[in-house]
Amino acid sequence: MILAGDVGGTKCNLALFSEKGGKLTPVFRQRFASKEFAKFDLIVKEFSRLSAPYLNGERVEAAGFGIAGPVINNTVRATNLPWIVEAQDLQRELRVEHIALVNDLGAWGYSLEYLPPEDFLILNPGKPEPGGTRALIAAGTGLGESILVWNKGRYNVVPSEGGHSDFAPHTEQQIELLRFMRRRYPQVSWELILSGRGFRTLHEFLNPNIKHPSFDDPDTDPAPEITRNALNLSCLVCRDVLDLWAAIYGSEAGNLALKVLALGGVFVAGGIAVKIIDKIKDGTFFHAFKDKWKFEGLLSNIPVSVVLNESAPLIGAAHEALAAIDR
């Protein structure tokens with residue numbers, strides 16, 4: 001048996017997989033609200049209790065976890081949670097020798113080779129270069145970015161914290177947005193915009209006088225209401241928010257493609273893209289992606305796909321756990 005986890009600032013998805021001939025089949029899965037637990041070990045302990053009936057006498061051979069935060073010396077200090085996750089602690093808690101800790105984008109990245117074609121929506125077919133470098137960008141609770149480099153017959157994921165680099169405005173309106181946000185934050189990163197929290201910020205930038213019910217509840221995330229209003233056209237400000245958000249997302253995806261020369265393709269992952277897929281595929285995203293002056297031709301030839309399977313990080317983490325047994 002293989003245990004895998006997708007650990008984020010909002011939720012933690014854990015799953016148990018049976019393994020046969022290198023093929024992994026999920027047998028039990030549970031979702032936990034991250035902020036209800038003081039530390040990740042408590043989630044692992046609770047999952048172990050719930051999943052025990054599904055082991056059928058077998059033992060967990062390895063565990064892999066994709067966690068939002070940099071992995072340094074088998075330790076992760078979670079980016080959006082007050083957690084420190086250490087492989088040694090998990091070995092003791094689970095009584096498992098093989099623990100694979102990867103950045104959350106690493107888990108997404110390692111899943112790509114195991115997903116069927118129907119798990120991808122192609123925004124631009126492009127002309128992929130065999131073995132070419134790939135880029136992965138994922139907006140959710142935060143903004144993750146990573147690079148996939150071909151080495152010894154497989155893609156290896158190079159982690160990054162590029163989502164925390166400085167936001168670079170692309171239009172006059174975005175320059176005004178930067179000025180607006182600099183009055184609130186000591187640093188304006190891409191993640192402050194390209195994450196769930198960014199939708200309300202953009203709404204207040206475009207029209208601070210219009211408010212929605214979710215704005216008055218500090219425990220409610222306004223992003224679902226804003227995106228829902230935008231997609232059903234019940235609020236023109238929300239529509240403009242979504243247009244601006246998608247354009248900024250596309251622009252940063254294009255920046256990442258240029259920085260790593262992603263001739264093998266760019267993959268858009270994370271929970272937000274799937275929820276606003278009609279906006280992502282209407283051309284706003286890809287137009288901003290390729291709008292790079294002299295490099296528009298190059299970017300027009302780069303394949304761009306959206307990962308539709310939100311369970312992909314679990315699959316990637318499970319396969320990294322399986323690989324850890326043979327290392």
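Here, each number is a calculation from the coordinates, and none is a lab measurement. Note that the coordinates shown come from a computational prediction; the quantities given were computed from them, not determined experimentally. Heads up, the Cβs are rebuilt from the backbone with ideal geometry, glycines too, and the neighbour counts pull from every protein chain shown.
Seen against the Cα atoms of the chain and their longest principal axis, helix 172-182 is set at about 60 degrees.
Taking the chain as the reference, fit the longest principal axis to its C-alpha atoms, fit the long axis of helix 40-51 to the helix C-alpha atoms, and give the angle between the two in degrees, 0 to 90, nearest 10. Computed tilt is about 60 degrees. Taking the longest Cα principal axis of the chain as reference, the axis of helix 312-326 is set at about 40 degrees.
Tell me the net charge near Gln91. Cut-off is 12 Å between Cβ atoms, Gln91 excluded, with +1 for each Lys or Arg and -1 for each Asp or Glu.
On the way: positive: Arg92, Arg95; negative: Asp41, Glu86, Asp89, Glu93, Glu97.
That works out to -3.
Only beta bridges with both residues in the chain are counted; by DSSP, about 65 percent of them are antiparallel. Of the Cα atoms belonging to segment 199-327, the radius of gyration and Dmax stand at 17.7, 59 Å.
Once C-alpha pairs closer than 8 Å and six or more residues apart are averaged by separation and normalised to the residue number of segment 116-307, the relative contact order reads 33 percent.
Normalised by the empirical 2.2 N^0.38 Å for globular proteins, what value does the Cα Rg of segment 116-307 take? Don't jump to the answer; show the numbers that get you there.
Numbers: Rg = 16.7 Å, N = 192, 2.2 N^0.38 = 16.2 Å.
The value comes to 1.03.
By the rule of a C-alpha distance below 17 Å, with chain neighbours fewer than 8 residues away ignored, the aspartates and glutamates paired with Lys292 are Glu172, Glu252. Listed peptides 300-306, 180-186 appear in the order 300-306, 180-186 once ranked by packing, highest mean of other Cβ atoms within 10 Å at the front. Do the alpha carbons of any pairs in Lys11/Lys281; Lys35/Lys281; Lys127/Lys259; Lys20/Lys275; Lys259/Lys294; Lys259/Lys290 sit beyond 22 Å of each other, and which pairs? Those over the limit are Lys11/Lys281; Lys35/Lys281; Lys20/Lys275. Under the simplified labelling scheme, the Arg77-Tyr54 pair shows an inter-label distance of 3.4 nm, with each label point 7 Å from Cα along Cα→Cβ.
Between Tyr185 and Lys152, the distance separating the two model label sites (each 7 Å from Cα on the Cα→Cβ line) works out to 3.8 nm.
Mean sequence separation of contacting Cα pairs (under 8 Å, at least six apart), scaled by the length of the chain, corresponds to a relative contact order of 23 percent.
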